[in-house]
Amino acid sequence: MKARPACLLFLSALLCASGCRRSDDLPSSELSGTEESEDSSSGDSLPADSGEDTGPIDTDPDPDPNAASTFGPVDYTRISNGEGGMDADIENGDRFGRDHDSIGDVDGDGVVDLIFGARSDDDGAEDAGAVYILFMNADGTVESNQKISALHGGFTDELEARNYFGYGVAGIGDYDGDSVPDVAVSAPNGAVPVLYILHLNRDGTIKSMVRTEDVIAQGLSAVGDIDQDGRIDLVAADPNGAGGGQAHLLFFGADSTLKSDETVTFGGGMGGFGGSLAAGDSFGGRESALLGDLDQDGTQELAIGAFLSDGGHGAIWIVSLDSETHQVVDERKIAPGLDGFDEDIPLDTNPNGTVGGQFGHALVGAGDLNGDGVPDLITSANQYNNGVGYVIYLNPDKSVKTFTRLDEHEGGFELDLDTNERFGRSMSLVDDQRTEGQICLLYTSDAADE
């Protein structure tokens, strides 16, 4: 029996936020929502219109198209093994949902599909790992799923014990030009860490794959086409890297191979990063998020988590990237009690032996949620109480303008969370129908050690 159970009670929630209300008509205490992504792999729409009805939100039925939009809660759909259409042989400890992402419309039915990692699945060997392609219904439930592992889905490479295949997953759009979205999957543990680009068939099995060695990714984030070559780029999380952790910006060629000479590594004294990191900060985190150009100076801002900073309080670094070299030209740290984030996150010892609320564990670039012209950010402190999400409204200088909480008590979704559930352990965009007044976000939880 493994130490950690799977996500048994609240595996995920598709959190929908409907907008088209003027920002000056909505009190700041009501602001909550999800994201706009730079990732073009999102594909067609997945409205999450089922689940618990939390009541009306006073959406204007005939909005002014020139008015700024803000976003508030609508409802959510709950998915777990045996619930919400999810039917798979998932065992306690598989770590299903450790990472996830939307991947576009794989099966061609007009609905966005998802990828979930299960890095401690035992197919082939103990903790060898697996991923699941989830084919979704338009109501936010699962229609069917396809497992990819050493034993399933057409995977032809060899996985060994504790390779943790599926530790990081990301939707990367159509890399091989066959009109079917593809995915990236990491297996970061073992003698040789590996990153896979998996070209998919319509049924979610593997058509072909490209294997790249010596890429550590304890989390993968699709961050849009930063180098403007027509392919989605990735950030690989390396929180145990030298100097307090690292994040690696990865670019790929037309044949899906890594352009290793163009990789940019951010960390202490690397990639232009000048921030102060300490050993154990876990910079690089589990996720990163491209925010866009906050101050309209021509540089893109990237948010990078450092969830064990300051003894476990956690932090987020927002870095500005040079448009040509992609090196850091400026950075700012957001942490509890710093730069406008006036939140007291305790340093309690957690059931898994770690310390602190771990702010910045998950990150999503949210676009402009409050209509002030500045992109915003959604994050979490997944070890704070039962897990707390934060919608953070940013200023052009990267500081926090204001923020709201999203948990079982606040945010408007009336969530029923279990003790130590770690709500917000990972987050990703499902769908952005912003022009139609709706955006959807996928949260996953992780039950505590038992």
In region 295-319, which residues are closer than 11 Å to LYS398 by Cβ, buried (at least 24 other Cβ atoms within 10 Å of the Cβ) and of a type outside the set (A, V, I, L, M, F, W, C)? GLU301
Looking only at residues that are assigned to a loop (DSSP other than H, G, I, E, B) and in contact (Cβ under 8 Å) with a residue 60 or more places away in the chain in region 129-142, which one is farthest from ASN81 (Cα to Cα)? ALA138
Which condition from (1) free of Cβ contacts under 8 Å to residues at least 60 places away in the same chain; (2) open to solvent by 10 Å² or more (accessible area, probe 1.4 Å); (3) closer than 19 Å to ALA289 by Cα is the one that ALA222 breaks? (1)
Options THR402, THR419, THR354: the member that is free of Cβ contacts under 8 Å to residues at least 40 places away in the same chain and out of contact with any Leu (no Cβ under 7 Å at 6 or more places or on another chain): THR419
Among the residues of region 350-369, is there at least one that is within 17 Å of SER399 (Cβ to Cβ), assigned to a loop (DSSP other than H, G, I, E, B) and open to solvent by 10 Å² or more (accessible area, probe 1.4 Å)? yes
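Name the single residue, out of those in region 320-334 being over 23 Å from the mean Cα position of the chain (by Cα) and in a strand (DSSP E or B), that is surrounded by the most Cβ atoms within 10 Å (Cβ to Cβ).
Residues of region 320-334 that are over 23 Å from the mean Cα position of the chain (by Cα), as a first pass: 322-325, 329-330.
Those still in the list that are in a strand (DSSP E or B) too: 329-330.
Details: VAL329: 15, ASP330: 17.
Out of the qualifying residues, it is ASP330.
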Pick out, from region 70-119, the strands (runs of 3 or more DSSP E) lying fully within it that include 2 or more residues that are in contact with a Cys (Cβ under 8 Å, 6 or more places away or on another chain) and open to solvent by 10 Å² or more (accessible area, probe 1.4 Å). 70-79
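If only one of ASP342, ASP330 is touching a strand residue (DSSP E or B) at 6+ places or on another chain (Cβ under 6 Å) and at pLDDT 95 or above, which one is it?
Numbers: ASP342 fails: touching a strand residue (DSSP E or B) at 6+ places or on another chain (Cβ under 6 Å).
On inspection, the qualifying residue turns out to be ASP330.
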Six or more apart or on different chains, Cβ atoms under 8 Å: show the pairs whose first residue is in region 287-311 and free of Cβ contacts under 8 Å to residues at least 24 places away in the same chain and over 20 Å from GLY337 (Cβ atoms) and whose second is open to solvent by less than 10 Å² (accessible area, probe 1.4 Å) and among the polar types (S, T, N, Q). ASP297/SER320
Scan region 399-408 and give yes if some residue there is at positive phi and buried (at least 21 other Cβ atoms within 10 Å of the Cβ), otherwise no. no
Residue in region 244-265 that is open to solvent by 20 Å² or more (accessible area, probe 1.4 Å), small (Gly, Ala, Ser) and touching a Leu at 6+ places or on another chain (Cβ under 6 Å) present: no
Checked against (1) part of a loop (DSSP other than H, G, I, E, B); (2) open to solvent by 10 Å² or more (accessible area, probe 1.4 Å); (3) out of contact with any Ser or Thr (no Cβ under 6 Å at 6 or more places or on another chain), ASN145 satisfies every condition except (1)
Taking the stated definitions as given, is ASN201 touching a strand residue (DSSP E or B) at 6+ places or on another chain (Cβ under 7 Å), more than 26 Å from TRP317 (Cβ to Cβ) and surrounded by 24 or more Cβ atoms within 10 Å (Cβ to Cβ)? no
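The values are calculated or read from the model by the stated rules, or taken from the named source; none is laboratory data. Just so it is clear, the model here is predicted, and its values are computed rather than measured. Every residue, glycine as well, gets a Cβ built from its backbone with ideal geometry; the counts of neighbours run over all protein chains shown. Heavy atoms of the whole protein, side chains included, go into the accessibility calculation; ligands, DNA and RNA do not. Shrake-Rupley method; radii C 1.70, N 1.55, O 1.52, S 1.80 Å.
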